[in-house]
Structure formats: structure tokens, C-alpha cells
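Any read-out appearing in this document is the output of simple, stated calculations on the displayed coordinates, not a laboratory observation. Values in this document were obtained by computation on a predicted structure and should not be read as measured data. Here the Cβ positions follow ideal geometry from the backbone for every residue, glycine too, while neighbour counts run over all protein chains shown.
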Amino acid sequence: MFTIIKQRFERTHIRESAHYESGQYIRTDFGHEGYITFEKINSKEYLIRADAELPGDLLQLATILDKVLKENQVNLIFEVYDRFNNLYASDKIKRE
């Protein structure tokens, strides 16, 4: 996963952490205040978490990430949460 992400996002690093299952995670910084992390949660899945100061920055990042992962035949499911940590939107559900 690191190689795929590093191809598109220059500021990508592997970091050490006691909070992640493998003891490491991938972090990419973008824009002024944005970041995205990739946590390996099992042998086939990563949990991707992103944050940005502006919603437009996050949307732009999601669009780029979706394209990069699809080009590398990696499946992706998007879930968007509001500031209260409630699921707001997902590829799997439609909100009214």
C-alpha cells in the first residue's frame, strides 16, 4: 500500500505507533492542515482516516485517492462521518 500511495502523494511516510495493530501506519500530509492515515486492520483491509480544514480539500483528496487505488485494482468503500462521529454518507447507503 505504501508504494501505491507514495506514487501520488510525495509527503507519505511510515510511522511507528503503539495504537495500530502492526505497530506502524502510513501517513500522508496534504495542504495546510490535511492528513490521511492508512491502518492495516487485517491481512486484506486498511482503515483509511482523513481530515482536512476545508470540506473541498477532503473531497479533492478522496477523488484522487479513489482514482489511484482503482488504477491499482484496490477496492475502496467511502464512509463520511459528521463532527459528532455519526455516519453521514457511505458507498453502501443512501441518505435522504
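Backbone N atoms of the stretch 62-89 closer than 17 Å to the 7 Å Cα→Cβ label point of GLN7 belong to residues 63-76. Looking at the stretch 2-67, the DSSP beta bridges with both ends there are about 100 percent antiparallel. Out of ASP57, ASP82, ASP66, any idea which swings most in a Gaussian network model of the chain, alpha carbons joined below 10 Å? Top of the fluctuation ranking is ASP82.
Across the chain, Cα pairs under 8 Å and at least six residues apart give a relative contact order of 15 percent. Seen against the Cα atoms of the chain and their longest principal axis, helix 55-71 is set at about 60 degrees. Where a ≥ b ≥ c are the square roots of the eigenvalues of the C-alpha gyration tensor, would you call the stretch 2-67 rounded, which needs a/c under 1.5, or, failing that, prolate if a/b is larger than b/c, or oblate? Since a/c reaches 1.5 and a/b is larger than b/c, the shape of the stretch 2-67 is classed as prolate. The Cβ shell under 13 Å around LYS6 holds other residues with a net charge of +1, Lys and Arg each +1, Asp and Glu each -1. The count of lysine pairs in the chain that are at least 8 places apart or cross chains, and whose C-alpha atoms lie under 24 Å apart, stands at 14.
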